[in-house]
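Undergrad: Just passing along the structure, written as structure tokens.
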């Protein structure tokens, strides 16, 4: 397991993991199996690997792939557990596509097949072995089944869908919808309104996925990565919490990030902005009234009451 | 508007409604429009009506239809707002089908077309004009559009689906799934687990609907009557509340109904039993592990931990 090297309590994090078998910084309180070895050198970590599991903050992925490139085996396949998608001037970019394009050297020589995993998967609940589900999206059935074999467990149930983009779009856009849920909580409109906004959000997630990835499937939104993760995020979740506070305290986003998230960044606000800019460029704002309203409340001072009026 | 006559504070409820324009017993605190007139005689109430809106507890529907029968106009159509379905020895029975079969006299002379309305629609939130959605299921497009015209409003948005059974099965079965959500809450398993059980419940609702009504549509479960009402019921809702208390207090259902619901009956427990008996008769218990587990925890003393192990 490659680990970004940092010093924690005067000791290297990889050494702590390899001696104490615990990641005391990012998952304190849970013992890791002893056969998990932390390796600080990414080239060494990936050498000879036949399955790569990507689970890093998404802004680091391009640079890491560049470093790994020379050491990737030709028989290798990968799975991304990274939540979120990226955007450039031409529209949304899947993390799996970024990984594929960074690693393919040239495409004829190595075309790494990629799966994506996403679901209602809060990390410490999983570590505590509380029951949950997840969804793996695959391109080839064989890869999907291999990944299921690796991840599936009585307490961590894997559902398979032939829909790599659908799984990833769900993981990213649910954070935008959670901002709307937080705005709604601040208005104290009750259960009818909140579940209506979540449902409308789910439909817009689906519409967005279909618009940019034509092979996306309706059923994916009924999987853990869709409706279940949306529910988890709109009831718990930091995006919901900060969005509620954004209305009730009137503090700006960066202050809320510092006060409520210990300086960590919100994904929902960034994605809301990217989605808005992409839709604007594509003259498609009208097809996504709920996500557009969320953006406008978050960044353009639109009164929060519009959350129910502009859809 | 037909109103079952009862005496409230020494005065007839119909008189109270017609003079004070408020249903002080069932919706206190909200003024009704003055053109709503309460009529205690059902034959008088339905005479000449071209649209009948059925909204009574479902156990009274047969008897009421028998009384109305003679006064029904040939140009009449109806919509049922009754949540729940009925069961007999041969399986589930839709309320709309009960109404149709009770009113058709004989079928060649009068075949009343029926729609069904259901959604995340807690009554006092609607009365307070808080935004919500609802779903109307229709058989004929024309009837659906007429009903939408009658019910739709900026704060009460109507979605139309050509799926009368789907809408009604959702309204009934979500109460069973809410029992499971309450059991899960009692276990304090966290968000991942609860949303996983809700999702699995949604899939079983869909499977049940498809099994007994072949023309049910997948999309109906993405409407307000499906996913949104399920969320509302699994987070608020009396079935959830009593199910949690059933585990934490170990009191029997009838005591919880008295203590927590003022003697009102739980719909989820009755439906869980009916669903179980129907599936057992049809040798289909294995296709519905979650609903079967809920029944067994509720009525056969199965340990609540099985809620995540038996699916």
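The values are calculated or read from the model by the stated rules, or taken from the named source; none is laboratory data. Just so you know, these numbers come straight off a predicted model, no measurement behind them. Quick reminder, even Gly has a Cβ in these numbers, built from the backbone with ideal geometry, and neighbours come from all protein chains shown.
Yes/no matrix, rows are residues, columns are (1) out of contact with any strand residue (DSSP E or B) (no Cβ under 9 Å at 6 or more places or on another chain); (2) in contact (Cβ under 8 Å) with a residue 24 or more places away in the chain; (3) over 26 Å from residue B:154 (Cα atoms):
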position	(1), (2), (3)
A:171	no, yes, yes
A:175	yes, yes, yes
A:181	yes, yes, no
A:185	yes, yes, no
A:192	no, no, no
A:210	yes, no, yes
A:217	no, yes, yes
A:227	yes, yes, no
A:231	yes, yes, no
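Undergrad: Next question. Of the numbered conditions (1) assigned to a helix (DSSP H, G or I); (2) farther than 11 Å from residue A:1 by Cβ; (3) touching a residue at least 40 places away in the same chain (Cβ under 8 Å), residue A:65 fails exactly one; give the number of that condition.
TA: Status for residue A:65: all satisfied but (3).
Undergrad: Of everything in region B:35-58, what is within 27 Å of residue B:210 (Cβ to Cβ) and in a helix (DSSP H, G or I)? Give them in sequence order.
TA: B:58
Undergrad: What's the number of the only condition in (1) more than 16 Å from residue A:120 (Cα to Cα); (2) under 18 Å from the mean Cα position of the chain (by Cα) that residue A:254 fails to meet?
TA: The failed condition is (2).
Undergrad: Restricted to region B:204-224, and to residues that are at the interface with chain A (Cβ under 10 Å from one of its Cβ atoms) and closer than 14 Å to residue A:199 by Cβ, which residue is farthest from the chain's Cα centre (by Cα)?
TA: Within region B:204-224, the match that is farthest from the chain's Cα centre (by Cα) is B:219.
Quick grid of which residues meet (1) surrounded by 20 or more Cβ atoms within 10 Å (Cβ to Cβ); (2) closer than 26 Å to residue B:238 by Cβ; (3) facing chain A (nearest Cβ under 10 Å); (4) without any contact (Cβ under 8 Å) to a residue 60 or more places away in the chain:
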| position | (1), (2), (3), (4) |
| --- | --- |
| B:118 | yes, yes, no, no |
| B:124 | no, yes, yes, no |
| B:129 | no, yes, no, yes |
| B:132 | yes, yes, yes, no |
| B:136 | yes, yes, no, yes |
| B:144 | yes, no, no, yes |
| B:149 | no, no, no, yes |
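Undergrad: Going by what's in this entry, would residue B:102 be described as within 30 Å of residue B:228 (Cβ to Cβ), at pLDDT below 95 and surrounded by 17 or more Cβ atoms within 10 Å (Cβ to Cβ)?
TA: Here the answer is no, as residue B:102 does not meet what is asked.
Undergrad: Just to verify a result, which residue in region B:42-61, among those that are over 16 Å from the mean Cα position of the chain (by Cα) and surrounded by fewer than 14 Cβ atoms within 10 Å (Cβ to Cβ), is farthest from residue B:136 (Cα to Cα)?
TA: B:44
Undergrad: Do we have residue A:201 as within 14 Å of chain B (Cβ to nearest Cβ), closer than 23 Å to residue B:184 by Cα and in contact with a helix residue (DSSP H, G or I) (Cβ under 6 Å, 6 or more places away or on another chain) here?
TA: For residue A:201, the condition - within 14 Å of chain B (Cβ to nearest Cβ), closer than 23 Å to residue B:184 by Cα and in contact with a helix residue (DSSP H, G or I) (Cβ under 6 Å, 6 or more places away or on another chain) - is not met.
Undergrad: If residue B:235 satisfies every condition in (1) surrounded by 24 or more Cβ atoms within 10 Å (Cβ to Cβ); (2) closer than 26 Å to residue A:120 by Cα; (3) under 18 Å from the mean Cα position of the chain (by Cα) but one, which is the exception?
TA: Here residue B:235 clears every test but (1).
Undergrad: Now for a different question. Can you pull out every residue in region B:7-24 that is closer than 26 Å to residue B:65 by Cα and exposed (fewer than 13 other Cβ atoms within 10 Å of the Cβ)?
TA: Across region B:7-24, the qualifying residue is only B:7.
Undergrad: A further question on this structure: Taking the condition of being touching a helix residue (DSSP H, G or I) at 6+ places or on another chain (Cβ under 6 Å), farther than 15 Å from residue B:185 by Cα and within 13 Å of another protein chain (Cβ to nearest Cβ), how many residues in region B:278-311 meet it?
TA: The total comes to 4.
Undergrad: Output the number of residues of region A:151-170 satisfying the condition of being within 25 Å of residue A:25 (Cβ to Cβ) and more than 14 Å from chain B (Cβ to nearest Cβ).
TA: Residues in region A:151-170 being within 25 Å of residue A:25 (Cβ to Cβ) and more than 14 Å from chain B (Cβ to nearest Cβ): 1 in total.
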